[in-house]
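J.: Dropping a structure here in structure tokens format, bear with me for questions.
The values are calculated or read from the model by the stated rules, or taken from the named source; none is laboratory data. Quantities reported herein were computed from a predicted structural model and do not represent experimental measurements. For neighbour counting, all protein chains shown are included, and Cβ atoms are generated from backbone atoms with ideal geometry for every residue, glycine included. Accessible surface is based on the protein model in full, side chains and every heavy atom, while ligands, DNA and RNA are left aside. Shrake-Rupley method; radii C 1.70, N 1.55, O 1.52, S 1.80 Å.
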Amino acid sequence: MRIVITIGGSIIIKNHDYRMFQDYAEVLRQLNQDHEIFVVVGGGKTARDYIKIARDVGAGESFCDDIGIDVTRLNAKLLIMALDPLAYPIVPRNFNEALQYSTSEKIIVMGGTEPGHSTDAVGTILAEFVKADLIINATSVDGLYDKDPTKYDDAVKFDSITPTEMIDMFSDKDIKAGTYEFFDMTAIQMLKRSRIKTVIVNGNSPKNVIEAIHGKIGTKIYSPNE
Ligand code: UTP
């Protein structure tokens, strides 16, 4: 299968150490034996810290987004190094470059692309661009909940959901740099259009990505036949 894996920055750079990069590299190495792998890495708290400084010195929102993108690309570079020599050594800046580099048959690792959306959106656009069979979204919770499970004890997890149901749930969320919610609108609209099967999974344990590929855990986003 051709699989796009998006790894939240809040997962991979959480403790500012090398271990998560190495642990993810190990899982990706394993998956690369049977699948064609594309990875999109997020910016996490580091991106939000830099965005805050940019905003405080007077930058506009798109400039702040661009700062966030720079941080996601730094994280992508670190993962490329951890995967050496299995990853293509350059971080693609756009989807055409990702496609072009993939002819090397190496694992492609990228961060953000342009202002206005999250790396979740990048993952969904990339998946459509390279005709992926599956998207795995590794995030900091076990799946998609009806409200933030870190804030509300009564939050309920979805085993499966459609993009249309997600649009209804998320239509009033924030769109400022560094605050794109869990699956921003661009990401959801892309899933609705491409109908690529997606699984949201807790990425704090990188092995969960393998379990999610086998359909054992997480929240599945699927498009019913209309
Ligand atoms: P992320 O998508 O990583 O956002 O990009 P996040 O909210 O930090 O998510 P986690 O913590 O990784 O899960 C960081 C910021 O970079 C900008 C946005 O401002 C985003 O909030 N960005 C990223 C873009 O503008 N365009 C992109 O393609 C990617």
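J.: Mind checking the dipole of the stretch 26-86: about its Cα centre, +1 per Lys or Arg Cβ, -1 per Asp or Glu Cβ, Debye to the nearest 20?
T.: Magnitude of the dipole: close to 200 debye.
J.: Count charges around Ala138 for me, please; just the other residues with Cβ under 13 Å from its Cβ, Lys/Arg as +1, Asp/Glu as -1.
T.: Numbers: positive: Lys14, Lys207; negative: Asp23, Asp120, Asp142, Glu211.
Around Ala138, the surrounding residues sum to -2.
J.: Given a 1.4 angstrom probe, what's the average accessible area per residue across the stretch 74-226, in square angstrom?
T.: For the stretch 74-226, the per-residue accessible area is 50 Å².
J.: Of Ala127, Val156, Val141, which is farthest on the positive side of the dipole of the stretch 107-161, counting Cα position, with +1 on Lys and Arg Cβ, -1 on Asp and Glu Cβ, and the Cα centre as origin?
T.: Checking the options against the dipole of the stretch 107-161, the answer is Ala127.
J.: When the chain is treated as a GNM, springs tying every alpha-carbon pair under 10 Å, which of Ala155, Ala127, Ala212 comes out with the largest mean-square fluctuation?
T.: Ala155
J.: Let me ask something else. I'd like the carbon and sulfur percentage of the solvent accessible area for the chain, probe radius 1.4 Å, heavy atoms only, ligands and nucleic acids excluded.
T.: On the way: 5590 of 11220 Å².
Of the solvent-accessible surface of the chain, carbon and sulfur hold 50 percent.
J.: Further, regarding this structure: So what are the ³J(HN,Hα) numbers for the stretch 208-218, from phi and the Karplus equation (6.51, -1.76, 1.60; θ = phi - 60°), rounded to whole Hz, Gly and Pro as x?
T.: Residue by residue, the stretch 208-218 yields 4, 4, 5, 4, 5, 4, 7, x, 8, 9, x Hz.
J.: If the elastic network links every pair of Cα atoms under 10 Å, which of Asn15, Asn32, Asn94 fluctuates the most in the Gaussian network model of the chain?
T.: So, out of Asn15, Asn32, Asn94, the one fluctuating most is Asn15.
J.: Over the stretch 113-226, what is the percentage of antiparallel beta bridges among all DSSP beta bridges, to the nearest 5?
T.: Working: 4 of 12 bridges.
Antiparallel bridges make up about 35 percent of those DSSP assigns within the stretch 113-226.
J.: While we're here: Go through the stretch 6-20 residue by residue and turn each phi into a ³J(HN,Hα) via Karplus (6.51, -1.76, 1.60, θ = phi - 60°); whole Hz please, and just put x for glycine and proline.
T.: 9, 10, x, x, 5, 8, 6, 10, 3, 9, 6, 10, 7, 4, 5
J.: Under the Karplus relation 6.51 cos²θ - 1.76 cosθ + 1.60, θ = phi - 60°, what is the ordered set of whole-Hz ³J(HN,Hα) values for the stretch 61-76, x standing for Gly and Pro?
T.: 4, 5, 5, 4, 4, 5, 4, x, 4, 4, 5, 4, 6, 4, 5, 4
J.: A further question on this structure: Given springs between every Cα pair under 10 Å in a Gaussian network model of the chain, which of Asn208, Asn137, Asn75 has the largest fluctuation?
T.: Answer for the Gaussian network model of the chain: Asn208.
J.: Based on the Kirkwood radius over alpha-carbon pairs, what value in µm²/s does the Stokes-Einstein equation return for the translational diffusion coefficient of the chain at 4 °C and 1.567 mPa s?
T.: 75
J.: Right, next: For Cα pairs less than 8 Å apart in space and 6+ apart in sequence, what is the mean separation divided by the residue count of the stretch 75-212, i.e. the relative contact order in percent? Each step should come with its number before you reach the end.
T.: Numbers: 185 pairs, mean separation 35.5, N = 138.
Reported as a whole number, the value is 26 percent.
J.: With both bridge residues required to lie in the chain, what share of the DSSP beta bridges run antiparallel, to the nearest 5%?
T.: 15
J.: If you project the alpha carbons of the stretch 109-226 onto the principal axes, what extent comes out on each, in Å, largest first?
T.: 37, 34, 34
J.: If you don't mind, there's one more thing I want to ask. Work through the residues other than Asp23 whose Cβ is under 13 Å from its Cβ and net out their charges, Lys, Arg +1 and Asp, Glu -1.
T.: With Lys, Arg at +1 and Asp, Glu at -1, the net is +2.
J.: So, in Å, what gap is there between the alpha-carbon centers of the stretch 3-51 and the stretch 98-169?
T.: That distance is 13 Å.
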